[in-house]
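Data block below; observations after.
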Amino acid sequence: MKIKTWVLAVAALAMTSVAGRAADLGGTPYAAVNWSGFYIGANLGYAHTSVDVSASVCCFGGGAFGVEGSASDNNFTIGGIAGYNWQSGNRVWGIEGDINDLNGSTLGSIRGRYGFVSDGWLYYGTAGLGFTDSSTGLAVGGGAETKIGHNLSAGVEGLFYWFPDVVDENFGFGSVKADANVLAVRARLTYHFDGSRDFLK
């Protein structure tokens, strides 16, 4: 529960900070770059995965004892992204999906994004649904990207995925529960189908 509260608080803070910053920059000149429209791309990064496990075992005679433990792992991650942006002035919002390979397992998300453009860079916060091969959870994070041509952009982002109850099994002699989270930092290269730099004057 504490982890879930923390994740939701981070998501709210990211969105509030981005919205406030965009309002502050409302009258500030910025580069005439179009971020609206459909885009696809690829990403490559590094991810830290941790799992917390708790088990309760019943003993003969009505007694019971509990065991808790944790494990972690670090792996490279590679995958694809696709999404759609809308733009009004220096404000940009949209929806994005990603699917990645993480040590032979699937890691992905479907998220909303909201950000602002300043000095040719798009800064954004993002939050939504995270998923693996066998569970769903939350995904929250943020990033920045810049156009490196009319149709290409490059950037970096960080995402925190939280998956509660990836294992929740009850047996005749006890129960086992496990939560997992993944912190991923990755670089991204994106192709924008409507990438004219003359969109804003």
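Take the range 72-129 and flag every residue that is at positive phi and either touching a residue at least 60 places away in the same chain (Cβ under 8 Å) or among the acidic types (Asp, Glu) (or both). Across the range 72-129, the qualifying residues are 89, 119, 120. Candidates 185, 156, 176, 140: the one that is modelled with pLDDT under 95, aliphatic (A, V, I, L, M) and in a strand (DSSP E or B) is 176.
The values are calculated or read from the model by the stated rules, or taken from the named source; none is laboratory data. Quick caveat, the model's predicted, so the values are computed rather than measured. FYI the Cβ positions are ideal-geometry reconstructions off the backbone, even for glycines, and counts take in every protein chain you see.
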